[in-house]
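To start, the structure itself, in structure tokens.
The values are calculated or read from the model by the stated rules, or taken from the named source; none is laboratory data. No experiment lies behind these values; they were computed from the predicted model shown. A quick note on method: Cβ atoms are made from the backbone with ideal geometry, for glycine too, and the neighbour counts reach across all protein chains shown. Ligands, DNA and RNA are stripped out before the accessible areas are found, and what is left, the full protein with its side chains, is counted by its heavy atoms. Shrake-Rupley method; radii C 1.70, N 1.55, O 1.52, S 1.80 Å.
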Amino acid sequence: MLTYDRIDRDELIARATEYLQNYELQYQLSQKQPGTIGSPDSDGMPKGSKINNPAESSIVDHIGSQQYCDCVEQTIDNLRPDMKALLYNKYINIDKFKRVPEWEKLGISKATYYKYLNEAKYWFGISCSLIEIPLK
């Protein structure tokens, strides 16, 4: 039976951070339109590479990226409101031109902000089906 004392907390937070940091790339990939399937030639013979099919790979990558984003967003949505807000502001609704640090907006110290952020990432890691929970 899995118990909290058997979970490697630091490794789980590191894995959650990796998945959250990868969200922006996966989101951009999911917005690309997949290529069309089919061959412009109509001589009846199948066309394409014997090794791989670039059109199929494009569609599979698109679906994979969309599922990744959906899973991350749904997991964050299922967290407590305070954790949800921290993770959305840090990883989902990224404002690259922030003038005021997030901890100042919340009226807390930088150390407290990162403590709360790590707690949110821990619960994200526990809840997200993409992340394998590491054990000690």
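Some notes on this structure:
- Filter pass, Tyr114 being open to solvent by less than 30 Å² (accessible area, probe 1.4 Å), among the hydroxyl-bearing types (Ser, Thr, Tyr) and part of a helix (DSSP H, G or I): no
- Every pair of residues 6+ apart whose Cβ atoms lie under 6 Å, when the first sits in the range 94-121 and is in contact (Cβ under 8 Å) with a residue 24 or more places away in the chain while the second is not hydrophobic (A, V, I, L, M, F, W, C): Lys121/Thr17
- Tally, over the range 1-24, of residues that are assigned to a loop (DSSP other than H, G, I, E, B), in contact (Cβ under 8 Å) with a residue 24 or more places away in the chain and either basic (Lys, Arg) or open to solvent by 70 Å² or more (accessible area, probe 1.4 Å) (or both): 1
- Here Lys105, Lys96 are screened, and the one residue that is modelled with pLDDT under 90, loosely packed, with under 11 Cβ neighbours inside 10 Å and more than 17 Å from Asp10 (Cα to Cα) is Lys96.
- Residue within the range 32-55 that is at pLDDT 60 or above, under 26 Å from the mean Cα position of the chain (by Cα) and among the hydrophobic types (A, V, I, L, M, F, W, C) present: no
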